[in-house]
1. Could you list all residues from region 815-852 that are under 22 Å from GLU144 (Cβ atoms) and of a type in the set (S, T, N, Q)?
2. State the number of residues belonging to region 167-186 that are of a type in the set (Val, Ile, Thr), in a loop (DSSP other than H, G, I, E, B) and under 20 Å from PRO732 (Cα atoms).
3. Suppose the filter is surrounded by fewer than 20 Cβ atoms within 10 Å (Cβ to Cβ), in contact with a strand residue (DSSP E or B) (Cβ under 6 Å, 6 or more places away or on another chain) and among the polar types (S, T, N, Q); does THR696 pass it?
4. Just for strands (runs of 3 or more DSSP E) wholly inside region 641-721: which have at least 2 residues that are β-branched (Val, Ile, Thr) and either modelled with pLDDT under 95 or farther than 30 Å from THR569 by Cα (or both)?
5. Given the options LYS632, LYS614, name the one that is of a type in the set (Lys, Arg) and either buried (at least 18 other Cβ atoms within 10 Å of the Cβ) or at positive phi (or both).
6. Filter region 791-839 down to the residues that are within 21 Å of ASP720 (Cα to Cα), assigned to a strand (DSSP E or B) and among the hydrophobic types (A, V, I, L, M, F, W, C) and list them by number.
7. For region 215-228: of the residues being surrounded by fewer than 23 Cβ atoms within 10 Å (Cβ to Cβ) and out of contact with any Phe, Trp or Tyr (no Cβ under 8 Å at 6 or more places or on another chain), which is farthest from ALA249 (Cα to Cα)?
8. PRO279: at pLDDT 90 or above, out of contact with any Ser or Thr (no Cβ under 7 Å at 6 or more places or on another chain) and assigned by TED's automatic domain parsing to the domain that holds LYS427, yes or no?
Amino acid sequence: MTKAFYSIVLVFTLVSLSAFAQTIDLRGTIADQAGKPLVGATVLIKQIERGTQSKTGGVFSLTGVPQGKHLLEVRLVGYEPAKQEIAVSPSSKNEFKFVLKQTAVEMKGVEVTASRRKQEQSDTRTSILTIEPRDAKFKAGAAEDVLRSLQTLPGVVAPNDFSSQLIIRGSGPDQNLIIMDNIEVFNPYRLYGFVSMFNPETVSGITLMTGGFPAKYSDRLSAVLDITNRIGTKEKVFTGMANISLTNANLVLEGALPFWETSWIISTRRTYYDLIAGPIAKASGAVDGDIALPNFRDVQAKIAFSPFDNHTFYLNGISSRDNTELTSGATRTQADSISIFDKSFNDVAGLTWVWSPSTKLITTTTLSYYQNTGANNFGGEGGSNSLFGDTVTRESLERIQDSLRKLGLEVPRLYSVEGSTSFNFKKTSIKSDISWNATTEHLIEIGCAIDFITTGVDFEIIFDPRLKALRASNPRIAALPESFGTSIDYLRMNIYAQDNIKITKDFTIQPGLRFDRFEIIDRSYISPRLSASYALDPTTTLRGACGIYYQSPGYEKLFDRQVFLDLTTSAVQTLKAEKAMHYILGIERMLTPEWQIRVEGYYKDFDDLILQEKLKGTNYRTERIEGNDVTKREGWTAPIAYEGDSLTTTPINNATGKAYGVEFFLQKMQTAGDNPFYGWLSYSYGFANRYRDGFTIPFNFDRRHNLSITGGWKANSWLDVNFTWSYGSGFPWTKPVGVKPRIIQEKDTVTGMNVAKIDEDWRGVVFAIDRGGDENLNQARLPDYHRLDIRGTTYAEWFGWKWSFYLDIINVYNRKNILSENYNINRETLEIETRQTSMLPILPTIGFSVKF
């Protein structure tokens, strides 16, 4: 018995030792079909119950795999699972490459496995936020728009209800780098900013880096938004879907071709409320002639094909148009009138080549062309509110004018403006990126790019003298010449290198270095950057980052900035690129497999900010004459000239700034279990100031408190309910400090010289709002903002097609959130009366989608 026992033990020991001696270590990479490495994918061999996750660069390693045949499975949320039969032996390379196919946005909820981490612990990137395409499509109040779906994330502020722009950590939208399929786009907005160019039905990846981004990104001070569009299905020759709402239609068609593993996808969108509302407005007499209320259409296409092993090519194309045409009707009721003819285009073409000669090396080369052009003519008369204290009818204005004309008094006229503008931005780029997994401890990334940029701007605007004076009295209005025309050609070039270094099992750093050449200012810059992550335990990660960031001037950045700069002047020769220093520290913890929490602090130091130059010029003031009627010219002295500051369009590095704060993010992930609730809570506490000429001026979108609660409830297999509640403390605003006579300059009919005079109408002196100087700029606050949005989506399957129907209600309790304040002067008391302009009221929309 004892001999038998020892014999059995010996046999099992020998077998075990033999098996141990024959185990092999596997290595490989996981990427999407665009060649982008995928982090956090699960790699599993079920037979031996061994698994791991892909790390930075999409790299995975699996140790102790016995020799023989196994089934290797790879899974990642948002991608179709991949399986591969592998033969493991000491004589083979035992290196494997997986390319995961992105899934389309499904009609029903995407189930997120509870074991999935949002970010691998060895990923050193700070301030990174990712959302699923489904979040962009189904988020309440987001109008199925990608950019709007990001506005409830930590550090992100929406400027107002009408804009999809992103204000990130105290920086303007012009300081955000926006990339789509490896192509930088200057103007990602449609409908004049109300929605974005990104189609939620075709987007596969949405990554926002709100600070501390690595060296591979450049020419922006604040943040990076990286959007990836999916490729078409390879499973069917033809399939598609349509989405119809009250305001627009969206059609997506896709399929496969029988050669080179080719797939294609094409989508088109068109707003059509203009086709309905336009004829109604015309029939009412509000407008005349052929009209087109604001509308847009676009076509997007992507083709993927692999003619050779390890070589994949992607062709991208986008063509879009925004259009508005309207003229106030001759039989209109209101006295104010407007005429607008505006048309703009956005076109993108790109070819990307992804080559993977081995599992350790991926190269991505992109050749792209981008063009954004537009032209408009406009004119009109307005300001009845300012002149009469209320909006007047056309009939009332004509009656007043006739009466005063008969009395021989000056006839009041509305403010008038007319003009035309055009712009043309072109960019041809070639860029190449190499990702080399040199060892298990080093992932090296290097790249270079060159951009050939042409920017042209032309405009001519005619303001009447009273409107000029009105503009001059408001310090929030930037200087603008009445005529301008130029075209500038210049290059941007860059080279970068960064290395993700695994110092220990728990500690990873990523140093990076970047060289930029900005030909427009004939300057070069070097930007060092560093990020690090430390795994305190398997569920807790500490991350930090710091770095230097530069942004060059350019006309293509001025639309987001809403300030005109003349980049043709000699001042450009001494201009420097704007600069920011980022310092970020954060901690993240998985409380449970479903709950994640993150707290992050940031500090940004801005330098060499570019503003309009102030020059000493001639201003005018008048003083009250005691005892005389202040509503008459006799109650004031003649205008007295004095030396004052005058804004010009010349650019100058004359401001600094700071933005700092702390952010809190709590997320409940959607899971495949019995818990139907998911969503997140985001809170930011921040400060953002600019410093110029000895004054501290709050940033236009400085918001002290910003809170968002976004949630969803999967009630059952056919119903989803989503909600979003947002709160924000008031934005800075410049309140009036008093009233003063308006002083205008008119040409003397005898001398031909401009003469300053107090403006008068039939009632006497015309008064203007006095907003003070720089010391008063942005020192007050608008009221706080809050809004609740709710969306319900129901699903069905009819005729073999998948259907979804939704009801989305924006601003459920009809909160009157204030967009701006306008001020009128009461002629009787000379007191200032405030008129507030509200944002969106309660707004229900309905729509449906069908997948065929």
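1. Answer for region 815-852, where residues must be under 22 Å from GLU144 (Cβ atoms) and of a type in the set (S, T, N, Q): ASN817, THR845, SER849.
2. At the first step, the residues of region 167-186 found to be of a type in the set (Val, Ile, Thr) are 167-168, 178-179, 183, 185.
Among the residues that remain, those that are also in a loop (DSSP other than H, G, I, E, B) are: 185.
Imposing the further condition that a residue be under 20 Å from PRO732 (Cα atoms) reduces the set to none.
Result for region 167-186: 0.
3. Values: surrounded by fewer than 20 Cβ atoms within 10 Å (Cβ to Cβ): yes; in contact with a strand residue (DSSP E or B) (Cβ under 6 Å, 6 or more places away or on another chain): yes; among the polar types (S, T, N, Q): yes.
Answer is yes for this residue.
4. Details: elements: 677-692, 695-698, 705-716.
Qualifying strands (runs of 3 or more DSSP E): 705-716.
5. Numbers: LYS632 fails: either buried (at least 18 other Cβ atoms within 10 Å of the Cβ) or at positive phi (or both).
Exactly one residue qualifies, and that residue is LYS614.
6. ALA796, TRP798, TRP801, TRP803, PHE805, LEU807, ILE809, ILE810
7. TYR217
8. Values: at pLDDT 90 or above: no; out of contact with any Ser or Thr (no Cβ under 7 Å at 6 or more places or on another chain): yes; assigned by TED's automatic domain parsing to the domain that holds LYS427: yes.
Spelling it out, it is not the case that PRO279 is at pLDDT 90 or above, out of contact with any Ser or Thr (no Cβ under 7 Å at 6 or more places or on another chain) and assigned by TED's automatic domain parsing to the domain that holds LYS427.
The values are calculated or read from the model by the stated rules, or taken from the named source; none is laboratory data. All values reported here derive from a predicted model rather than from experimental measurement. Counting neighbours? That spans all protein chains shown, and the Cβs are built from the backbone with ideal geometry, glycine included.
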